[in-house]
Amino acid sequence: MILEERDYRIRPGRTAEFIETCKKLDLAIQKEILGGFVGHFVCDIGELNHVSVLALRNKGEREEKRARMLAHPGWQGYLDRIKGMIDRQVDTPSLSCNIADGVAMKA
């Protein structure tokens, strides 16, 4: 299994708007297609940003599901809606792990 961490650096003052947009437009698509949605996480101390974590079986599954998501009719509307909210995005898609007792352990 791999965990894909997506670190979104949200523009100051727009985190709540970004999270609400994700809930309304993004979450259903991700759950339908990706299936392994772990969560959205927001820090309230330190560097303020937003992180999504996905769990996938392997890189091949990631590529196939990403292609399906990009072809989904609602996905482009979501991308259009969040334009201007994100300063920077960093993806870390290759953390191989085993999930034991709810804890991710590097394989």
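Some observations on this one:
- 5 angstrom amide H check on Ile86, placed H, neighbours 5+ away: Arg11
- Taking the chain and dividing mean pair separation by its residue count, relative contact order in percent (alpha carbons under 8 Å, at least six apart): 44
- Taking a straight line from the alpha carbon of Lys83, these lysines sit under 29 Å away, with near neighbours fewer than eight places off in the same chain left out: Lys23, Lys24, Lys31, Lys59, Lys65.
- Accessible area of the chain divided out per residue, in Å², using a probe of 1.4 angstrom: 61
- The share of accessible area on the chain that comes from carbon and sulfur is 54 percent, using a 1.4 angstrom probe.
- 4 °C / 1.567 mPa s Stokes-Einstein diffusion coefficient of the chain, Kirkwood radius on C-alpha pairs, µm²/s: 89
- Dipole-positive endmost among Gly74, Asn58, Ile2 within the chain (Cβ charges, Cα centre): Gly74
The values are calculated or read from the model by the stated rules, or taken from the named source; none is laboratory data. None of these values were measured; they are calculated from a predicted model. Ideal geometry is used to build each Cβ from the backbone, glycine not excepted, and the neighbour counts take in all protein chains shown. The accessibility values were calculated without ligands, DNA or RNA, using every heavy atom of the protein model including side chains. Shrake-Rupley method; radii C 1.70, N 1.55, O 1.52, S 1.80 Å.
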